[in-house]
Amino acid sequence: MIVLAVDVEKRLGTFALSARFKATGGVTALFGPSGAGKTILVNMIAGLLAPDRGSIALDDTVLFDDTAGIDVPPHRRHIGYVFQEGRLFPHLSVRQNLDYGRRMSRHPRDAAAFARMTQMLDIGHLLERRPRTLSGGERQRVAIGRALLIRPRLLLLDEPLASLDAARKHEILPYLVRLRDAAHVPMVYVSHTAAELRQIATNVVRLDAGRMVACGGIELLD
């Protein structure tokens, strides 16, 4: 079953992006060097940037189609997004940051789901702390938890380890693997680091200079 179908074109100044692929679940890696267009592509999936032409569909829902005049706003796409820096609210506790996504999505409280998420990401002991007291890896785990609590149909992760040192990357990767195997939420994972993607990706879309040059298995990381 196709989970995500993307066929888009976008020009930004002199840079042109063209990509067409289908993902069937698991973790789809958007892989390529800096400047390849990975973040532009993931922002179009999220609805933060509109393609010039093409279509994006998630399961049986069309999110964007220029010929039909469809462009579903980001907050109605039911997509979670984890940025490089986590982007937690500094004035809120971890618990309040986690709850923000649920409230914005207007979901009722679900204590069991909250407990499962905090256990899976090992952040239950951080709930009363503020973001400034957390390590980089802890902040990213909280950001992932916040994205999961909106009950997303798809989770986008834009280089979530890029701002972390080697020790913090080593700390958080097992949680990402656990998320892949236990949460059953399809993911699109942006990175230019092959070693990182080998540990988590189930399929790969390879980009270079705004063009999709290959789509397949993790052998494309070699």
TODO: Out of P186, P160, report the one residue that is in the same structural domain as V6 (by TED's automatic domain parsing) and touching a helix residue (DSSP H, G or I) at 6+ places or on another chain (Cβ under 6 Å).
DONE: P160
Task: Close pairs from the range 130-155: first farther than 29 Å from I56 by Cβ and at pLDDT below 90, partner not basic (K, R) and not in a helix (DSSP H, G or I), Cβ under 7 Å, at least 6 apart - done: G136/S163; G136/L164; G137/L164
Open item on the list: Looking only at the range 74-100, filter to residues that are more than 20 Å from F114 (Cβ to Cβ) and touching an Asp or Glu at 6+ places or on another chain (Cβ under 7 Å); which one of those is modelled with the highest pLDDT?
Closed with: F83
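One line per residue, one yes/no per condition, for (1) hydroxyl-bearing (S, T, Y); (2) under 22 Å from A111 (Cα atoms):
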residue: R146; (1), (2): no, yes
residue: L149; (1), (2): no, yes
residue: S163; (1), (2): yes, no
residue: A167; (1), (2): no, no
residue: P186; (1), (2): no, no
residue: H192; (1), (2): no, no
residue: I200; (1), (2): no, no
residue: R211; (1), (2): no, no
- [ ] Looking for whichever is surrounded by fewer than 21 Cβ atoms within 10 Å (Cβ to Cβ), of a type outside the set (F, W, Y) and free of Cβ contacts under 8 Å to residues at least 40 places away in the same chain here; the options are A167, A194. Which one fits?
- [x] A167
Task: All positions within the range 113-129 that are outside any loop (DSSP other than H, G, I, E, B), of a type outside the set (S, T, N, Q) and without any contact (Cβ under 8 Å) to a residue 60 or more places away in the chain - done: A113, F114, A115, R116, M117, L121, G124, H125, L126
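The values are calculated or read from the model by the stated rules, or taken from the named source; none is laboratory data. This structure is a prediction, so every number in the text was calculated from the model and none was measured. For neighbour counting, all protein chains shown are included, and Cβ atoms are generated from backbone atoms with ideal geometry for every residue, glycine included.
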